[in-house]
Amino acid sequence: MTKNDIGVIGLGTMGKNLALNLANKGFKVAGFNRTYVITKEIENEKHDNFKGYEEISEFVDSLEKPAKIIVMVKAGEPVDMVCDQLLDFLIEGDIIIDAGNSYFKDTMRRHDFIESRGIFYFGVGVSGGEKGALLGPSIMPGGDKDAYDLIKPYLETIAAQKNGEPCCTYIGPNGAGHYVKMVHNGIEYADMQLIAESYLLLKEIGHFSNQEMADIFEEWNSTELRSYLVEITAKILREKDELTDLDLVDMIVDKASQKGTGKWTILEAINQDFNVSLIQAAVQARITSNLVERDIFSRAFLVPNGKEINPKVFKEEVRKAYTLGKLIAYAQGFSLMYDASIRYDWQLDLGKIASIFRAGCIIQAELLEVIMNVYKNEEVLSNFLVDGSMINQVNTNIQSLRVTNSLAILAGVPIPVLSSAITYLDQLRSKLVGANLIQAQRDFFGAHTFERIDVEGKVHHEWEN
Ligand code: NDP
């Protein structure tokens with residue numbers, strides 16, 4: 001009997017669709033799921049090139065050597081459990097590909113352990129949700145560079161394509177792929193919150209209706225702001241509720257949950273002594289949206305009056321503020337990856353990473369073309385905002401970001417990510433940020449010493465003599 005080309009373990013939302021994507025591209029795919037009825041259901045749907053197995057031993061036996069197995073199960077302990085099971089059946093040279101949202105340090109641990117047994121281990125970020133998994137996601141593989149050639153034909157064939165190029169590239173060793181996916185998700189949190197804040201501003205200060213806002217987002221989607229998230233926002237705002245005659249968005253509870261990759265990004269940034277204030281504000285905004293006291297405070301605190309605005313002019317200010325907020329969110333994410341690349345010796349190619357984010361994934365956006373071009377001119381940049389074209393972007397939009405923030409504060413409209421954006425830019429721009437006084441305070445109470453502007457080295461001063 002002919003062997004299968006590749007196996008997929010975990011046939012939930014993502015695993016099933018990745019398996020079918022591979023099968024649709026002509027690869028012979030073996031499927032295995034902990035709960036067999038799920039495998040059976042897919043078998044019963046009668047897909048070409050897909051065969052399900054009840055026993056993991058049969059599943060592994062059915063694969064062409066070296067065996068290539070995509071693991072698409074819940075992140076965390078389930079991945080360890082599946083790897084432990086597989087190790088009983090795999091032989092040297094076989095390949096495990098963890099394509100779930102694993103924490104990159106778990107991937108580094110698993111990589112070292114599994115590769116010590118002669119089996120290759122890849123940590124692969126996959127973005128695009130259910131539809132992307134089936135039709136073409138953005139794929140971020142990390143692991144052994146030479147062994148990548150063995151899995152490249154599969155991953156690059158099923159990935160989204162942009163201008164004829166696959167949105168999949170070798171990212172780097174061990175945990176690099178999952179790290180990049182984590183930062184991708186961090187940027188996603190910031191961009192989603194920026195869009196939510198733009199919506200809130202247009203609604204609460206501009207008094208635009210949902211349909212008018214849908215038009216505005218649609219209009220933005222034909223400009224430099226074009227992105228998957230802007231596109232779906234326009235569609236969301238147009239959607240009618242099936243149970244009432246209202247707009248669906250107004251029937252949805254004003255609370256957002258999270259699964260953890262945003263939190264990992266900010267925790268990792270703090271470990272790296274790095275500022276990703278926009279991503280942090282976005283994660284905190286979701287946390288705050290769930291506070292039970294919101295109801296009490298909404299009745300207890302004074303409501304501000306706000307200022308009269310011209311809706312047409314205001315709409316333009318919000319567009320520019322969002323444009324800049326988004327640029328800063330991506331800049332913080334890419335700078336974080338730059339720092340990690342040095343810290344973990346990953347040699348990340350940030351231009352290539354921008355290029356594979358251009359299709360298939362949730363943060364796909366026109367802006368990535370601009371970012372890619374910046375890295376084309378200068379491959380190694382700690383912060384792409386230093387590029388001349390980016391400085392122009394900042395200077396073109398910064399006044400609108402200030403105006404929008406001022407109007408929001410006067411009207412009492414919470415925009416934590418947009419306000420982090422202007423604070424961050426002012427921190428970068430200001431000659432004096434007050435850290436001289438912090439140094440003095442630390443030296444005053446703890447003799448931590450300080451640096452002088454006129455003499456090299458650290459000094460201590462006896463403040464109370
Ligand atoms: P689902 O909940 O749809 O499926 C989870 C899968 O994990 C099922 O096949 C389940 O098997 C299996 N599983 C859970 N626990 C175990 C275990 N202890 N041992 C063996 N198998 C187990 O999840 P998704 O498909 O959405 O997500 C899978 C991975 O992909 C996750 O890491 C997720 O973060 C990531 N991801 C998800 C995206 C999305 O949009 N949904 C996008 C990108 C990545 P069983 O049927 O037996 O319960």
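One table, with the values for the structure above:
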| quantity | calculated |
| --- | --- |
| Criterion (within 21 Å of residue 27 (Cα to Cα), in a helix (DSSP H, G or I) and more than 16 Å from the ligand (Cβ to nearest atom)) met by exactly one of 215, 112, 149 | 149 |
| Single residue of 84, 106, 80 found to be out of contact with any strand residue (DSSP E or B) (no Cβ under 8 Å at 6 or more places or on another chain), outside any loop (DSSP other than H, G, I, E, B) and farther than 26 Å from residue 184 by Cβ | 84 |
| Tally, over the range 218-241, of residues that are farther than 18 Å from residue 327 by Cβ and of a type outside the set (Val, Ile, Thr) | 11 |
| Counted residues, the range 65-78 - those being surrounded by 22 or more Cβ atoms within 10 Å (Cβ to Cβ) and either near the ligand (Cβ under 8 Å from one of its atoms) or at pLDDT below 95 (or both) | 2 |
| Subset of the range 53-64 that is in contact with a helix residue (DSSP H, G or I) (Cβ under 8 Å, 6 or more places away or on another chain) and part of a helix (DSSP H, G or I) - its residue that is surrounded by the most Cβ atoms within 10 Å (Cβ to Cβ) | 60 |
| Unmet criterion (only one of (1) free of Cβ contacts under 8 Å to residues at least 40 places away in the same chain; (2) surrounded by fewer than 16 Cβ atoms within 10 Å (Cβ to Cβ); (3) more than 15 Å from the ligand (Cβ to nearest atom); (4) closer than 30 Å to residue 171 by Cβ) for residue 88 | (3) |
| Looking only at the range 436-465, and only at residues there that are surrounded by 10 or more Cβ atoms within 10 Å (Cβ to Cβ) and aliphatic (A, V, I, L, M), the one that is nearest to the chain's Cα centre (by Cα) | 438 |
| Output for the range 291-315, where each listed residue is assigned to a helix (DSSP H, G or I) and either among the basic types (Lys, Arg) or farther than 20 Å from residue 412 by Cβ (or both) | 294, 299, 312, 313, 315 |
| Residue selected from the range 23-37 under the condition surrounded by fewer than 24 Cβ atoms within 10 Å (Cβ to Cβ) and of a type in the set (A, V, I, L, M), by the criterion farthest from the ligand (Cβ to nearest atom) | 23 |
| Residue in the range 128-138 that is closer than 20 Å to residue 348 by Cβ and either part of a helix (DSSP H, G or I) or of a type in the set (Gly, Ala, Ser) (or both) present | yes |
| All positions within the range 414-465 that are within 27 Å of residue 205 (Cα to Cα) and not acidic (Asp, Glu) | 414, 415, 416, 417, 418, 419, 420, 421, 422, 423, 424, 425 |
| Residue 233 being hydroxyl-bearing (Ser, Thr, Tyr), assigned by TED's automatic domain parsing to the domain that holds residue 342 and at pLDDT 95 or above | yes |
| Qualifying positions in the range 38-52 - of a type outside the set (Ser, Thr, Tyr), under 25 Å from residue 84 (Cα atoms), part of a helix (DSSP H, G or I) and under 33 Å from the mean Cα position of the chain (by Cα) | 38 |
| Those helices (runs of 4 or more DSSP H) lying entirely in the range 224-290 with at least 2 residues more than 16 Å from the ligand (Cβ to nearest atom) and small (Gly, Ala, Ser) | 277-289 |
| Residue in the range 43-52 that is surrounded by fewer than 20 Cβ atoms within 10 Å (Cβ to Cβ), under 19 Å from residue 159 (Cα atoms), more than 9 Å from the ligand (Cβ to nearest atom) and of a type in the set (Phe, Trp, Tyr) present | no |
| Close pairs (6 angstrom Cβ cut-off, 6 or more residues apart or separate chains): assigned by TED's automatic domain parsing to the domain that holds residue 119 in the range 151-166, small (Gly, Ala, Ser) anywhere | 159/136; 160/136; 160/138; 160/359; 160/360; 162/359; 166/159 |
| Residue ID - farthest from residue 84 (Cα to Cα), chosen from residues in the range 1-22 that are within 16 Å of the ligand (Cβ to nearest atom) and assigned to a loop (DSSP other than H, G, I, E, B) | 12 |
| Yes/no for residue 129 being surrounded by fewer than 22 Cβ atoms within 10 Å (Cβ to Cβ) and more than 10 Å from the ligand (Cβ to nearest atom) | no |
| Filter result for residue 279 (touching a helix residue (DSSP H, G or I) at 6+ places or on another chain (Cβ under 9 Å) and crowded, with 18+ Cβ neighbours inside 10 Å) | yes |
| Long-range neighbours under 8 Å by Cβ, at least six apart or interchain, first residue among the hydroxyl-bearing types (Ser, Thr, Tyr) within the range 1-27, second buried (at least 24 other Cβ atoms within 10 Å of the Cβ) | 13/133 |
| Contacts under 6 angstrom Cβ, first residue in the range 126-148 being under 20 Å from residue 261 (Cβ atoms) and in the same structural domain as residue 116 (by TED's automatic domain parsing), partner surrounded by fewer than 24 Cβ atoms within 10 Å (Cβ to Cβ) and β-branched (Val, Ile, Thr), 6 or more apart | 127/362; 130/13 |
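The values are calculated or read from the model by the stated rules, or taken from the named source; none is laboratory data. Treat the numbers as computed from the prediction; the structure is a model and nothing was measured. Glycine also receives a Cβ, built like all others from the backbone with ideal geometry; neighbour counts cover every protein chain displayed.
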